[in-house]
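A.B. asks: I have a structure I would like to understand better, so I am pasting it below and will then ask my questions one at a time.
The values are calculated or read from the model by the stated rules, or taken from the named source; none is laboratory data. Since the structure is predicted, the reported quantities are computational estimates derived from the model, not experimental observations. Don't worry about glycine lacking a Cβ; one is built from the backbone with ideal geometry, like all the others, and counts go over all protein chains shown.
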Amino acid sequence: MATDTLIRRAAEHFQRQDYQQALDLYREAATLLGEGQVRANIQLCERRLDTAASMRPVEEASRPAVPTVEEQLEQTQARLEYYYQRYQELKWETAGLENGRQKW
């Protein structure tokens with residue numbers, strides 16, 4: 001493959017943010033032209049790959065965990081029971097206040 005075609009393809013991959021493929025092509029070009037000709041391109045690809053790798057854990061950690069359907073049902077059931085119990089307590093307290101008695 002001609003070196004100009006190789007470098008053009010590497011640049012296209014870099015523009016599409018396919019840094020690994022661009023890096024591979026730049027390294028191949030380095031074997032044909034000498035590393036000095038494409039050293040900056042190689043370093044830029046490596047930096048982009050390092051940045052992308054370091055961003056993944058942050059993105060994954062910042063993403064909230066999505067509960068399963070079973071977990072959602074359990075949470076809903078627990079909330080329903082809590083609010084029903086609270087309703088019953090407030091109902092009795094209100095009934096006591098209406099009769100002129102205070103429960104506390």
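A.B. asks: Among the residues of the range 9-19, which ones are loosely packed, with under 12 Cβ neighbours inside 10 Å and assigned to a helix (DSSP H, G or I)?
C.D. replies: 15
A.B. asks: While we're here: Can we say residue 58 is within 22 Å of the chain's Cα centre (by Cα), modelled with pLDDT under 90, surrounded by fewer than 11 Cβ atoms within 10 Å (Cβ to Cβ) and in a loop (DSSP other than H, G, I, E, B)? Steps first, answer last, please.
C.D. replies: Values: within 22 Å of the chain's Cα centre (by Cα): yes; modelled with pLDDT under 90: yes; surrounded by fewer than 11 Cβ atoms within 10 Å (Cβ to Cβ): yes; in a loop (DSSP other than H, G, I, E, B): no.
In short, no.
A.B. asks: Scan (1) at pLDDT below 85; (2) assigned to a helix (DSSP H, G or I) for the single condition residue 29 breaks and write down its number.
C.D. replies: Failing condition for residue 29: (1).
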